[in-house]
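> Supplied in structure tokens, the structure appears directly below.
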Amino acid sequence: MTAGEAAALETRGLCKSFGALAVASDINFRLERAARHALIGPNGAGKTSFLDLVTGRFPPSAGRILLGGADVTALAQEQRVKRGLARTFQITTLFRGLSVLDNVCMATSERLGRAGDLFRPAGSRRDVIDGAYASLERLGLADDAPRVVRELPYGRQRLVEIAVALSLKPEVLLLDEPAAGVPSAESGIIVDVIESLPSEIAVLIIEHDMDLVFRLASRITVLVQGKVLVEGTPQEIAANPAVREVYLGERAPT
């Protein structure tokens, strides 16, 4: 990164409380451009709440959120998406009764400002369909395009969700436990897809699978009780005794 260049995503003094429960306490975080960064921590650490704040699902109690150096704290979720922020969820949020292609077409239409075209003949939205197929081909899902989502194995559904996110052409991609619920035999496909993402996309991964985290991330932030405990390289995190005590235990790679 060039000296002085704005981070892809940054939070400054980010706080959020629900009554007496603080889910984010003075979080200062930077996701550099083109980074592969992981956010880890025990259950209840506030990881998903952090993504909810960053994406605009909930407003912060205090602090700022910046995308590419621009303050987006007051922007709605859809406005942040238009500025290059995309997210997947712990549990898929796909339209399971629609086809794979329809799911990706809806996201592509939103990006192109042509959502109304979904109610017109297919021939009038050729660019939408072509864009959707391009996203599916990138993830090896083109053959699944006509299939109804609920008919797919869960691992393939997770890939469809990533395809939906990529069809938004994000500059920042937030992956909330992308391998959650995926059989171990299929999790390698998820890893391969993440590793093959375009280098210009900054990726933040929340994941409990430490093997996956240490394989994918070049930098790791540990969150505990809504606060940043430590940040560093995978090697630094694996060797940190405080991290081992509160979260990793002997599962940390050496």
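Only the coordinates and a few stated rules stand behind these numbers; no lab work does. Just so it is clear, the structure is predicted and the values come from calculations on it, not from any experiment. Backbone-built Cβ (ideal geometry, glycine too); neighbour counts: all protein chains shown.
> Taking 51 Å as R0, compute the FRET efficiency from the Cβ-Cβ separation of residue 134 and residue 28 and round it to 0.05. Mind showing how you got there, number by number?
Numbers: r = 37 Å, r/R0 = 0.73.
Working from the Cβ atoms, E equals 0.85.
> Ok, one more. What FRET efficiency, computed as 1/(1 + (r/R0)^6) with R0 = 22 Å and r the Cβ-Cβ distance, is obtained for residue 57 and residue 6, rounded to the nearest 0.05?
That gives a FRET efficiency of 0.40.
> If you build a Gaussian network model of the chain, linking Cα atoms that sit under 10 Å apart, which residue out of 21, 229, 174 swings the most?
Sorting by GNM fluctuation, first place goes to 21.
> Okay, moving on. Subtract the Cα-Cα distance of residue 192 and residue 218 from 0.36 nm times their separation in residues, and report this length gain in nm to one decimal.
7.8 nm
> So, R0 is 22 Å and r is the distance between the beta-carbons of residue 185 and residue 150; what FRET efficiency does that work out to, to 0.05?
After rounding to 0.05, the efficiency reads 0.60.
> Tabulate in residue order the Karplus-calculated ³J(HN,Hα) for segment 177-192, using 6.51 cos²θ - 1.76 cosθ + 1.60 with θ = phi - 60°, rounded to whole Hz; enter x for Gly and Pro.
For segment 177-192, the Karplus curve yields 6, x, 9, 4, x, 8, x, 4, 5, 9, 5, x, 5, 4, 4, 4 Hz.
> What is the dipole size for segment 138-254, taken about its Cα centre, with +1 at each Lys and Arg Cβ and -1 at each Asp and Glu Cβ, in debye to the nearest 20?
140
> In the chain, what percentage of the DSSP-assigned beta bridges are antiparallel, given to the nearest 5?
Approximately 55 percent, going by the DSSP bridge assignments.
> Most fluctuating residue of 25, 218, 184 in a GNM of the chain with Cα springs under 10 Å: which is it?
Judging by the Gaussian network model, the answer is 184.
> Another question, if that's okay. Counting pairs of alpha carbon atoms under 8 Å apart in space and at least six apart in sequence, what relative contact order in percent does the chain give?
26
> Among 69-77, 208-216, how do they line up from the highest to the lowest mean number of other beta-carbon atoms within 10 Å? Write down the numbers at each step before the final one.
Numbers: 69-77: 13.0, 208-216: 18.3.
Going by the mean number of other Cβ atoms within 10 Å, highest first, we get 208-216, 69-77.
> Something else: Hey, can you grab everything whose amide H is under 5 Å from the amide H of residue 224? Only 5+ residues off in sequence or another chain; H modelled, so Pro and N-termini drop out.
229
> Need the full-extension length gain, residue 244 to residue 64, defined as separation in residues times 0.36 nm minus the C-alpha distance. One decimal, nm. Numbers along the way, then the final one.
On the way: separation 180, 0.36 × 180 = 64.80 nm, distance 3.05 nm.
Difference between extended and current length: 61.8 nm.
> Report, please, the projected area of the chain averaged over directions, based on the convex hull of its C-alpha atoms, in nm². It would help to have the intermediate numbers written out before the result.
Details: hull surface 57.5 nm².
Seen from a random direction, the Cα hull of the chain projects 14.4 nm² on average.
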